[in-house]
Amino acid sequence: MTKEQRPDPDQLWQIHGKYYDLEPFLELHPGGRRLLHQVRGTDCTEVFESTHLHDRIPKKLLERYYVADKADYSPSFEWEGEGFYPTVKRRVQEHFRSKARQQGVSGARTREIHHGTRIFLARLALVWLLWVGLSIGAVLYGNLFCALLWGPFAFALGGYGHEAMHAGVLPSVRGNRFLALITLDLAGLSSYIFTATHVPLHHVYTNVPDKDPDVEVHFPLIRERFDQPRFFFHYVQHVYAWIIYTLTLPIIWATDFVAAATGTWFGPWARLRKPDTKETLLLLAFKPVALGLWYVLPGLLHGWAYGALLSLIMLGITGLLVQATFAVNHQNALAMNHDQRPSRHTRDWGAQQMETTADFSNRHWLPVLFFGGLGYQIEHHLFPTLSYSQLNEVAPIVEETCREFQTPYHYYPTIFDAFHAHYRFLKRLGQETNWEPPRANRTTDENWRSTTPATD
């Protein structure tokens, strides 16, 4: 496309009020073409800013693909200056530059130092091998103990797959894609559909009604916002929601096909571009494999009743961990229903991420590993391409900046505190029409970088 041609916004990428034709750059993009393909035809400013921690070279590269300015452009957020997000981003950039200098790393390799550490990758190999062993024990030998452990290990691997989907584990596009395939896709979740709905929707519009699919998919079975109608069965949703969570994997196994065929995921607000031929073939290859391994083979080998029990234990525990853990990050009284309390930082995207996200139980690497790195969800939302093996270094920087800007930092000391907060949140949403949401208590433990939430 030449600059003289009238631009077609549906075929271009809009960043900071300018249209770019990134078609020639798709195969050259260091993060792969998948995400660029999904955000084509949209204002992807937030995706661009949050996924490029080291943004000097990407901003320079954009100039090559400039097409035209967008008429009457009015930015939603301020990305430069002395606000919370520009400040914390500069500080994290400098942290990794300093770390690179200390390690004798220079040039382009500086931009790769935030990927997974050697210990992190060693744990990945160990967890994957143990998961394979548990799969053999559960599926081939029908061992219930292996079936019980299968879920936690599958979820831990899903954390690596989730990070690989964000291009965070390895600097290699192919390496991250392969890792996502042998973790997410092999378990029955399409990493393509996950990328399409998770990165440009959930990460950009966290907890925003009618935009974030994660707070829409459960209604009407589960009420999560005060502007949603309350039905009689919601009175006990805090009880049955956990049962619904156990069905996560089989539901997603099926709905991925619907999303790929229709371009929508659980509703009209979650639109995505349909997969190309290569992505379709991958989906059609891995879905039957997952179906055979986790749903059919146990029944064939051990009888359908016992096989169903094995599948229910493996997939049910995994689904419960997946859904409940993502829920405690965002669906609690501190992070939801912000229309009930106006934000102090309406022009700062990063501050709004702080208001709608919570960390939990990230003092030790073991719970961080087995909860897929989601204990650092705040830091992950601010800088999604950073490996969660590095987020323990970033968290103190984020909290210190929060103190300066009086921005909330929601932290639950244990996973049980986080689950309990989600339980209480569901109960109130199911039994009350409205209530005054709590604010964060700014009391800070001097021995740890946590801001304790008020009773909710």
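The values are calculated or read from the model by the stated rules, or taken from the named source; none is laboratory data. Since the model is a prediction, treat every value here as computed from it, not as a measurement. Note that we place each Cβ from the backbone using ideal geometry, even for glycine, and neighbour counts take in every protein chain shown. Ligands, DNA and RNA are stripped out before the accessible areas are found, and what is left, the full protein with its side chains, is counted by its heavy atoms. Shrake-Rupley method; radii C 1.70, N 1.55, O 1.52, S 1.80 Å.
Remarks
- Lone qualifier among Gly137, Gly107, Gly133 - being at pLDDT below 90 and either out of contact with any strand residue (DSSP E or B) (no Cβ under 7 Å at 6 or more places or on another chain) or among the small types (Gly, Ala, Ser) (or both): Gly107
- Hits in the range 101-129 - residues which are within 13 Å of Gln390 (Cα to Cα) and either free of Cβ contacts under 8 Å to residues at least 60 places away in the same chain or of a type in the set (S, T, N, Q) (or both): Glu112, Ile113, Thr117, Arg118, Leu121
- All positions within the range 206-219 that are under 12 Å from the mean Cα position of the chain (by Cα) and not charged (D, E, K, R): Thr206, Pro213
- Of the residues examined, Phe145 is not one that is under 23 Å from Gln377 (Cβ atoms) and either assigned to a loop (DSSP other than H, G, I, E, B) or among the hydrophobic types (A, V, I, L, M, F, W, C) (or both).
- Conditions (1) open to solvent by 40 Å² or more (accessible area, probe 1.4 Å); (2) touching a Gly at 6+ places or on another chain (Cβ under 8 Å); (3) not charged (D, E, K, R): number failed by Thr51: (1)
- Pair list, Cβ < 8 Å and 6+ apart or interchain, from the range 227-253 residues that are more than 16 Å from Phe419 (Cβ to Cβ) and open to solvent by 40 Å² or more (accessible area, probe 1.4 Å) to residues that are assigned to a loop (DSSP other than H, G, I, E, B) and of a type in the set (Lys, Arg): Pro229/Arg223; Arg230/Arg223; Phe231/Arg223
- The one condition in (1) open to solvent by less than 50 Å² (accessible area, probe 1.4 Å); (2) without any contact (Cβ under 8 Å) to a residue 12 or more places away in the chain; (3) in contact with a helix residue (DSSP H, G or I) (Cβ under 8 Å, 6 or more places away or on another chain) that Gly81 fails to fulfil: (3)
- Test: residue in the range 368-382 that is hydroxyl-bearing (Ser, Thr, Tyr), touching an Asp or Glu at 6+ places or on another chain (Cβ under 9 Å) and either modelled with pLDDT under 90 or buried (at least 22 other Cβ atoms within 10 Å of the Cβ) (or both): yes
- Selection status of Leu144, surrounded by 12 or more Cβ atoms within 10 Å (Cβ to Cβ), more than 30 Å from Ser50 (Cα to Cα) and touching a residue at least 12 places away in the same chain (Cβ under 8 Å): yes
- Residue within the range 284-298 that is outside any helix (DSSP H, G or I) and touching a helix residue (DSSP H, G or I) at 6+ places or on another chain (Cβ under 8 Å) present: no
- Selection from the range 53-73 of residues that are without any contact (Cβ under 8 Å) to a residue 24 or more places away in the chain and not charged (D, E, K, R): Pro58, Ala71
- Residue that is surrounded by the fewest Cβ atoms within 10 Å (Cβ to Cβ) [pool: residues in the range 1-20 that are among the polar types (S, T, N, Q) and modelled with pLDDT under 75]: Thr2
- Qualifying residue in the range 320-327 (condition: in a helix (DSSP H, G or I), open to solvent by 50 Å² or more (accessible area, probe 1.4 Å) and touching a residue at least 60 places away in the same chain (Cβ under 8 Å)): yes
- From the list Gly263, Gly292, Gly299, Gly303, the lone residue that is under 30 Å from Leu140 (Cβ atoms) and open to solvent by less than 10 Å² (accessible area, probe 1.4 Å) is Gly299.
- Evaluating Phe77 against the criteria (1) under 22 Å from Ala164 (Cα atoms); (2) touching a Phe, Trp or Tyr at 6+ places or on another chain (Cβ under 8 Å) leaves one unmet condition, (1).
- Near pairs, Cβ below 6 angstrom, 6+ apart or cross-chain, from the range 177-203 (of a type in the set (Asp, Glu)) to any residue that is open to solvent by 10 Å² or more (accessible area, probe 1.4 Å): Asp185/Phe286
- Selected residue [over 26 Å from Gly350 (Cβ atoms), among the β-branched types (Val, Ile, Thr) and modelled with pLDDT of 90 or more] from Val88, Val127, Val39, Val47: Val127
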